[in-house]
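A.B. asks: For reference, the structure I am asking about is given below.
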Amino acid sequence: MGGTLTKRKENRSNQVDVTGIIGNKDPKICFDSNSQIVDNDKLQNLSSTRKTQVEDFETSSNENDQVADERNSQKFRPRSNQVDVDVTGISGNKDPKICFDSNSQIVDNDKLQNLSSEKKLKERLKKKDDELQRALEKVERKEDELKRALEQAEFYRQRKEDELKCAQEKAEVYRQRFSKLASAKMTEGNPNIADLSDPNRPTNLATKYKELYDNEWTNAYETLTKNKFGYYGKEAIKLLREIVVECYEQCMKISKEQWEKMATVLSQRKTENADKTLKEIGFQETEFKDLKKFRRMATKISSNKIVEKVKGTLWEDEKLDVALLQELETYIEACTRLSWEMALQDPPLHMFWDLKQDDPPNSMFQTYTQSGTKVSYVVWPCLLRQEGGDLLAKGVYQLYK
C-alpha cells in the first residue's frame, strides 16, 4: 500500500528545483517538466501550491486507504441487519449524523438511535413476556396444587359424611330398639297404654262396638220381630245378646288355641301356657310384642275363617235354623269380626253381661226403655279394657221398679 502511494506521488509531480544546475546562473530561473524556463519566484509559488496539493492528496489517500482497509476487513465479518457504528470523520462524511448500515447504505444517526431504542424496547418487552410466562406457569402450578387440595378435601368430606351417615343410621337403629324395648316393657300387659299406630287399638274398638249396637243390632232386631219368625221384644233381645256373646266366646277360644299352637311350633313341644313356654325358649318382651303384632296384621284374612267357624257352631248348637241364620248373617259377621279383633288385643278386651235379675242398677250400663230400682235383663253387654279393667263402652239393660 505504501509503494503504491509513493508511485502516485512521483507520477503526480515531476517538478524539480533546478537551482545550481550548470548554465543556470540566475538562481531565480528554473526549468519546468517541459524544459521551459520558469521564474524562480513563480516556481516557488507553484512548489508551495504543489506541496499543499500533495499533502492534501496524501491525507485523502491515507483516509481512503483506511476506508478501503476497513471495507476489506468487513468482508470477513458476519453481517447483521444494522451495524451500530459511527463513521464520522471518514473522508467525504462531514456530517456527524451520517452512518452506514450493513449494506453500506447511508443511514441517519437519529434514525439509527431510534432503531437502537426500538431494539432495546423489544428486548425489554420480550423479557417482560418471559417473566409473565413464568408467572403464569407458577399460577398454573398453584391452581393444580389448589385443585388437588380441593379434591383431597372433598374426598375426606365425603368420607366423613358417609361415616356420619352410617353412625346416624346405627344410632337410629339403636334408638328404635331402645324405644321398642321401652314401649314393650310399658305396654306389655298394660292396657292403659295404647299403641297409637294400631288402628285396632282399644279406644277404636270401643267406638266400633257402640256403632255395632246402634246399626247392625237395630236392623237384626227389626228382622226378628217380623211376623215371619214370630219373635217378640224380650225374646228377640235375648237371642241377639246370646249371638254376640257366642261370637265373642268363640273368638276368645280360637285365639287362645292359636297362640298355644304358635308356642308349640316354635318350641317343638306341647304346652299349656304359651307365654311361659315362649319365655323359656328365649323370647324377650320385644319379641312377644312383635309376634302378637304380626298375628294382628293377619286379622282381615283370618277373620273370614273365624266367621265360618262361628256360623258352623251356631248352626250345630241348633240356636238358629238355616233361614234365620241367613237373615241374621250381616249381624253375625259384624259381631264375629269385632270380637276377633278384641280377642287379639294384648290383653284381650273383656265383654261383661253377667248381671242377675233383681240386681241393683250398675254404673257400667244405661237403661233401655224404662228406669227402675232393679235389673230385669241385660240387652247389650258392656266392654272393658280387660277383665276387671276400665270401662270402654257402656252396656244396656232393662230396669223395673
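Quick note: the coordinates plus some simple rules give every number you see, no bench work behind them. Just so it is clear, the model here is predicted, and its values are computed rather than measured. As a convention, Cβ positions derive from the backbone with ideal geometry for all residues, glycine included, and neighbour counts pool all protein chains shown.
A.B. asks: Can you give me the Cα centroid spacing of the stretch 120-134 and the stretch 316-371 in angstrom?
C.D. replies: 107 Å
A.B. asks: How far apart, in nm, are two points set 7 Å out from the Cα along the Cα-to-Cβ line at GLU143 and at PHE155?
C.D. replies: 2.2 nm
A.B. asks: Also: Counting Lys +1, Arg +1, Asp -1, Glu -1, what net charge surrounds TYR377 among other residues with beta carbon under 9 Å of its beta carbon?
C.D. replies: Around TYR377, the surrounding residues sum to +3.
A.B. asks: What is the local net charge at TYR397, summed over the other residues whose Cβ is closer than 13 Å to its Cβ (Lys, Arg +1; Asp, Glu -1)?
C.D. replies: So the environment of TYR397 carries a net charge of +3.
A.B. asks: Listed highest first by mean packing, meaning other Cβ atoms within 10 Å per residue, what order do 236-243, 266-273, 135-142, 277-284 come in?
C.D. replies: 236-243, 277-284, 266-273, 135-142
A.B. asks: Taking +1 at the Cβ of each Lys and Arg and -1 at the Cβ of each Asp and Glu, which of ALA298, THR286, ALA323 sits farthest along the dipole of the stretch 260-342 towards its positive end, judged by Cα position relative to the Cα centre?
C.D. replies: Comparing the listed Cα positions along the dipole, THR286 ranks first.
A.B. asks: Oh, and also: Taking the highest mean first, how do the peptides 338-348, 214-224 order by number of other beta carbon atoms within 10 angstrom per residue?
C.D. replies: By packing density, highest mean first, the sequence is 338-348, 214-224.
A.B. asks: Want the number for LYS127 to GLU242: 0.36 nm per residue separation, take away the alpha-carbon distance, what's left?
C.D. replies: This chain segment gains 30.1 nm when fully extended.
A.B. asks: Then there is this: In percent, what relative contact order does the stretch 272-371 have, based on Cα pairs under 8 Å that are 6 or more apart in sequence?
C.D. replies: 28 percent
A.B. asks: Exceeding 18 Å between C-alpha atoms, which entries from my cross-link table qualify? They are LYS208/LYS394; LYS208/LYS253; LYS270/LYS293; LYS256/LYS305; LYS356/LYS401; LYS253/LYS279.
C.D. replies: In this structure, LYS208/LYS253; LYS270/LYS293; LYS253/LYS279 exceed 18 Å between Cα atoms.
A.B. asks: Treating each Cα of the stretch 302-401 as an identical point scatterer and ignoring solvent, apply the Debye formula and state log10 I(q)/I(0) at q = 0.13, 0.24 Å⁻¹.
C.D. replies: The Debye formula, applied to the Cα set alone, gives -0.60, -1.11.
A.B. asks: Still on this structure, please answer the following. What does the charge count near TYR213 come to, summing +1 for each Lys or Arg and -1 for each Asp or Glu among other residues with Cβ under 12 Å from its Cβ?
C.D. replies: +1
A.B. asks: As an exercise, use a Förster radius of 45 Å and the Cβ-Cβ distance of GLU287 and ASP317 to find the FRET efficiency, rounded to the nearest 0.05.
C.D. replies: 0.75
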